[in-house]
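A.B. asks: Take a look at this one; I'll ask things after.
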């Protein structure tokens, strides 16, 4: 059987995954020669899915034909209200089917989607609207209540309201917009270098930045994901092309659509004709029931979500045997979670991990299947369209195996931040995106991330990488979640501190001394936390699963 490298070389030499070189950015980029030109072209391909189920939400279902009709109707509404190519359109709502309708309507006319974080307060929503100046607002009733006073802002041409609220004065109900006989998409010319989205960074420090991505950025991400599937099939001895007569696949959507992971899952599902199960909010028992009831074949989420899903299924006695893929990302993935996926599914469901950021349009380094089970601490190898460097503080490449910052270049790296040339130059200047993550690469091309550069704890001149210590703590059966931070120390500079969520259901939930003793068998003494706070409550995280370390400091280590 050919090797993985040989399979990739064959698939990218000719056919749908053939690679070409593009020099328009001033440096060579690898692009897919036969990729769809834009998301409009991707969406037009959904006509072939017909009456297949597209969306599952509660007791509701929506077919691909029904989805297309709603997208076309909303696209016409936007144009009739004066929205044109290049205008921004803000989407602010939960993971409803209407989020997808709103997204594809914008992509089909060349409007730029501004994805609003559904967890944001009025102040945060107002900042994003002021920054992006949208021509239209597509919003649910909950967000509408937070923005009532902003609906007559200058330049806003239409406000469409979905679910949990009436549009009222100044707005129009979604149901009214999509009523009437089916229509074709309005004409539009959308190309690969046109902007498709503005996704705001998490904003854990300061105001979030609007990461603006092109259609080529997103389509490259889509093609990379499809290529990974073709490679996996050939490694399993199957044809690279998916069987068109196979049962329809199904995806449990846990990432919010405003997150690059959720958006990736949405457009991959649409491109492949999968059904997408959506939830109002994350409730693990409901998630298990959705997988069982609808025979869903894959799920992806941040590590804490995947862990809760596995634990809940085990407690409910459900095997979730329909799952063939369980992917985790959006935050460092502890190795024990990968082993648990392998054990709980008896290696029948392939684990996967995608390392990437909003600025890289999702995953640029991936690990999966047997490789991941063999190297659960690795984020994997770079996708074919990405180049990765490991550099020191002076931007000089370090030797193989040495730790440095990951810099990335490729056709899925975004052009910069909306209305923020200074931040764009700082992050993307010179053609390489500076990730802020520290890691290294081994002799076989597998990459490893050890910490965020800003989160490294320097104790007495020794570097302590949070991901390593957190992973070791999560191996302990009484630990459910953990966050490591550095606290000021008068002699050492910093001391290592940990906030640890222990199992509330355990009669003996563990003590700080017990956990330190367990770490002493695995880690050097200087890496072991000297200050530990135990809690049975969940640790503070963003809507996309990132640990809020500043809240750990203020909530657990200040007087």
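Where a number appears in this text, it was derived from the coordinates with a stated rule and is not lab data. Since this is a predicted model, take the numbers as computed values, not measurements. Cβ sites come from the backbone with ideal geometry, for glycine too, and all protein chains shown count toward neighbours.
A.B. asks: Run the numbers for residue 242 and residue 37: contour at 0.36 nm per residue of separation, minus the present Cα-Cα distance, in nm.
C.D. replies: Details: separation 205, 0.36 × 205 = 73.80 nm, distance 2.19 nm.
Contour length minus the Cα-Cα distance gives 71.6 nm.
A.B. asks: What residues from region 117-153 fall in the zone where the backbone N is under 14 Å from a label point 7 Å along the Cα-to-C-beta line of residue 543?
C.D. replies: Within reach of a label on residue 543: 117-129, 138-147.
A.B. asks: Just to verify a number: FRET efficiency for residue 9 and residue 193, C-beta to C-beta distance, R0 = 30 Å, to 0.05? Could the numbers behind the result be given before it?
C.D. replies: Values: r = 28 Å, r/R0 = 0.94.
Using R0 = 30 Å, I get an efficiency of 0.60.
A.B. asks: Using only the alpha-carbon atoms, what does the chain span along each of its principal axes? Please give whole angstrom values in decreasing order.
C.D. replies: Cα extents, longest axis first: 69, 59, 53 Å.
A.B. asks: Calculate the FRET efficiency for residue 513 and residue 314 from the Cβ-Cβ distance with a Förster distance of 51 Å, rounded to the nearest 0.05.
C.D. replies: On the way: r = 29 Å, r/R0 = 0.57.
Once the sixth-power term is evaluated, E becomes 0.95.
A.B. asks: While we're looking at this one, here's another question. Report the Rg/Rh value for region 37-161, based on alpha-carbon coordinates and the Kirkwood definition of Rh. Each step should come with its number before you reach the end.
C.D. replies: Values: Rg = 14.6 Å, Rh = 15.0 Å.
Result: Rg/Rh = 0.98.
A.B. asks: Report the far tail of the P(r) of region 1-64, meaning the percent of Cα-Cα pairs longer than 19 Å.
C.D. replies: Details: 1194 of 2016 pairs.
Here the long-distance tail beyond 19 Å is 59 percent of all Cα pairs in region 1-64.
A.B. asks: Now, a different point. For region 155-281, take N as its residue count and report Rg(C-alpha) divided by 2.2 N^0.38 Å. Could the numbers behind the result be given before it?
C.D. replies: On the way: Rg = 18.7 Å, N = 127, 2.2 N^0.38 = 13.9 Å.
In units of the 2.2 N^0.38 Å rule of thumb, it is 1.35.
A.B. asks: For the peptides 28-34, 249-255, what is the packing order when you average, over each peptide's residues, the other Cβ atoms within 10 Å and list the highest mean first? Before the final figure, lay out the partial values.
C.D. replies: Values: 28-34: 17.1, 249-255: 23.0.
Answer by packing, highest mean first, reads 249-255, 28-34.
A.B. asks: Now for a different question. Could you state the principal axis extents of the C-alpha atoms in region 464-556, from the largest down, to the nearest angstrom?
C.D. replies: 39, 33, 19 Å, listed from the longest principal axis down.
A.B. asks: Sorted from largest down, what three extents in whole angstroms do the Cα atoms of region 223-330 have along their principal axes?
C.D. replies: 37, 31, 21
A.B. asks: Mind putting together the pair-distance distribution for region 28-102? All Cα pairs, 5 Å bins, whole percent per bin, short to long.
C.D. replies: Calculated over all Cα pairs of region 28-102, the distribution is 3, 12, 18, 22, 18, 13, 8, 3, 1, 0 percent.
A.B. asks: Evaluate the Debye formula for region 100-207 with equal point scatterers sitting on the alpha carbons, no solvent, and hand back log10 of I(q)/I(0) at q = 0.11 Å⁻¹, in q order, two decimals.
C.D. replies: After summing over all Cα pairs, the log10 values are -0.38.
A.B. asks: Suppose only helical runs count, i.e. DSSP H with n ≥ 4. What mean residue ellipticity at 222 nm does that imply for the chain under -39500 (n - 2.57) per run, divided by all residues and rounded to the nearest 500 deg cm²/dmol? Each step should come with its number before you reach the end.
C.D. replies: Details: 17 runs with 177 residues, N = 559.
Only helices count here, giving -9500 deg cm²/dmol.
A.B. asks: Oh, and also: As an exercise, use a Förster radius of 35 Å and the Cβ-Cβ distance of residue 123 and residue 172 to find the FRET efficiency, rounded to the nearest 0.05.
C.D. replies: Details: r = 26 Å, r/R0 = 0.75.
Given R0 = 35 Å and the Cβ-Cβ separation, E is 0.85.
A.B. asks: Given 5 Å bins starting at zero, what is the percent of C-alpha pairs of region 519-559 in each, up to the one with the largest pair distance?
C.D. replies: Calculated P(r), rounded to whole percents: 5, 18, 20, 20, 19, 15, 3.
A.B. asks: Now for a different question. Helix 64-80 sits at what angle to the longest principal axis of the chain, using alpha carbons and giving 0 to 90 degrees rounded to 10?
C.D. replies: In the chain, helix 64-80 runs at an angle near 70 degrees to the longest axis.
A.B. asks: If you don't mind, another one. Quick one: in region 424-520, what % of C-alpha pairs are over 22 Å apart? The partial results should precede the final answer.
C.D. replies: On the way: 2134 of 4656 pairs.
Here the long-distance tail beyond 22 Å is 46 percent of all Cα pairs in region 424-520.
A.B. asks: Could you give the length gained on full extension between residue 51 and residue 531, defined as 0.36 nm per residue of separation minus the Cα-Cα distance, in nm?
C.D. replies: Details: separation 480, 0.36 × 480 = 172.80 nm, distance 5.81 nm.
Difference between extended and current length: 167.0 nm.
A.B. asks: So, one more: By how many nm would the segment from residue 84 to residue 422 grow when fully extended, if each residue of separation counts as 0.36 nm and the alpha-carbon distance is taken off?
C.D. replies: Working: separation 338, 0.36 × 338 = 121.68 nm, distance 2.82 nm.
Extra length available between residue 84 and residue 422 comes to 118.9 nm.
A.B. asks: Give me the distance between the Cα centres of region 526-559 and region 26-45, rounded to whole Å.
C.D. replies: Each part reduced to its Cα centre gives a spacing of 42 Å.
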